[in-house]
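The values are calculated or read from the model by the stated rules, or taken from the named source; none is laboratory data. Quick caveat, the model's predicted, so the values are computed rather than measured. A quick note on method: Cβ atoms are made from the backbone with ideal geometry, for glycine too, and the neighbour counts reach across all protein chains shown. Ligands, DNA and RNA are stripped out before the accessible areas are found, and what is left, the full protein with its side chains, is counted by its heavy atoms. Shrake-Rupley method; radii C 1.70, N 1.55, O 1.52, S 1.80 Å.
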Amino acid sequence: MAEQRLIDTVAWVRIEDGRILCARPHGKDVFYIPGGKREGAETDLQTLLREIEEELTVALLPETVAHVGTYEAADNGLLVRMSCYTAEYRGTLTASSEIDALAWFGYADRELVPPVDQLLFDDLSAAGQLS
């Protein structure tokens, strides 16, 4: 049996009023939790800070970053691992040139995100954080 290729990502969990921030990149039909893949030997923190600034034009405050959980799910023949973090930020949330749309999703929107993101939605809902 062939081993699945691993896509290792980090994501920023931003919840406001029981809804989680999601982004849809240009050329994609699916919304994702904002974040992305590490470059080279980047740490989770370095990847998170870079990706969120690139995608949402805000600066996360490194001293406020906290690990929420790490999730893995199969998606189109790939194994996706997503390490999730919360953090405070400065700036105004704005979709960068990489992002087509931003949206705030509740648990009812779970089917609009990939399988690995759905696991996070399940945990946040069970914890009473997602409406």
Quiz item: Are any residues in segment 2-16 surrounded by fewer than 18 Cβ atoms within 10 Å (Cβ to Cβ), not in a loop (DSSP other than H, G, I, E, B) and not acidic (Asp, Glu), and if so, which ones?
Solution: ARG5, LEU6, ILE7, ILE15
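Which one of GLU39, GLU53 is touching a strand residue (DSSP E or B) at 6+ places or on another chain (Cβ under 8 Å) and not hydroxyl-bearing (Ser, Thr, Tyr)? Show your work before the answer.
Working: GLU39 fails: touching a strand residue (DSSP E or B) at 6+ places or on another chain (Cβ under 8 Å).
After applying the criteria, what remains is GLU53.
Is it true that LEU119 is within 14 Å of ALA11 (Cα to Cα), open to solvent by 40 Å² or more (accessible area, probe 1.4 Å) and more than 13 Å from the chain's Cα centre (by Cα)? Quick ask: steps written out before the conclusion?
Working: within 14 Å of ALA11 (Cα to Cα): yes; open to solvent by 40 Å² or more (accessible area, probe 1.4 Å): yes; more than 13 Å from the chain's Cα centre (by Cα): no.
No.
Of all residues in segment 17-36 being over 10 Å from the mean Cα position of the chain (by Cα), within 15 Å of PHE121 (Cβ to Cβ) and not β-branched (Val, Ile, Thr), which is surrounded by the most Cβ atoms within 10 Å (Cβ to Cβ)? Break it down stepwise before answering.
If we filter segment 17-36 for residues that are over 10 Å from the mean Cα position of the chain (by Cα), which is where we start, we get 17-19, 24-30.
Then drop every residue that is not within 15 Å of PHE121 (Cβ to Cβ), which leaves 18-19, 30.
Remaining after also requiring not β-branched (Val, Ile, Thr): 18-19.
Values: GLY18: 14, ARG19: 17.
Applying the filter and picking the extreme gives ARG19.
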Quiz item: If you scan segment 53-93, which residues turn out to be modelled with pLDDT under 95 and not hydrophobic (A, V, I, L, M, F, W, C)?
Solution: ASP75, ASN76, GLY77
Practice problem: Determine, yes or no, whether ALA103 is hydrophobic (A, V, I, L, M, F, W, C) and either under 15 Å from the mean Cα position of the chain (by Cα) or assigned to a strand (DSSP E or B) (or both). | Solution: yes
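Of all residues being in a loop (DSSP other than H, G, I, E, B), out of contact with any strand residue (DSSP E or B) (no Cβ under 7 Å at 6 or more places or on another chain) and not hydroxyl-bearing (Ser, Thr, Tyr) in segment 58-92, which is most open to solvent (accessible area, probe 1.4 Å)? Just the residue, please. If you could, list the steps in order and put the result at the bottom.
Within segment 58-92, the first condition is being in a loop (DSSP other than H, G, I, E, B), and the residues that meet it are 58, 61, 65, 76-77, 87-88, 91-92.
Still in the list and also out of contact with any strand residue (DSSP E or B) (no Cβ under 7 Å at 6 or more places or on another chain): 76-77, 88, 92.
With the extra rule that they be not hydroxyl-bearing (Ser, Thr, Tyr), the set shrinks to 76-77, 88.
Details: ASN76: 148, GLY77: 56, GLU88: 95 Å².
The extreme case among them is ASN76.
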Exercise. Search segment 93-109 for residues being under 23 Å from LEU49 (Cβ atoms) and of a type in the set (Gly, Ala, Ser), and hand back the single one that is most open to solvent (accessible area, probe 1.4 Å).
Key: SER97
Quiz prompt | Residue among GLU51, GLU55, GLU39 that alone is open to solvent by less than 70 Å² (accessible area, probe 1.4 Å) and either part of a strand (DSSP E or B) or farther than 25 Å from SER131 by Cβ (or both) | solution = GLU51
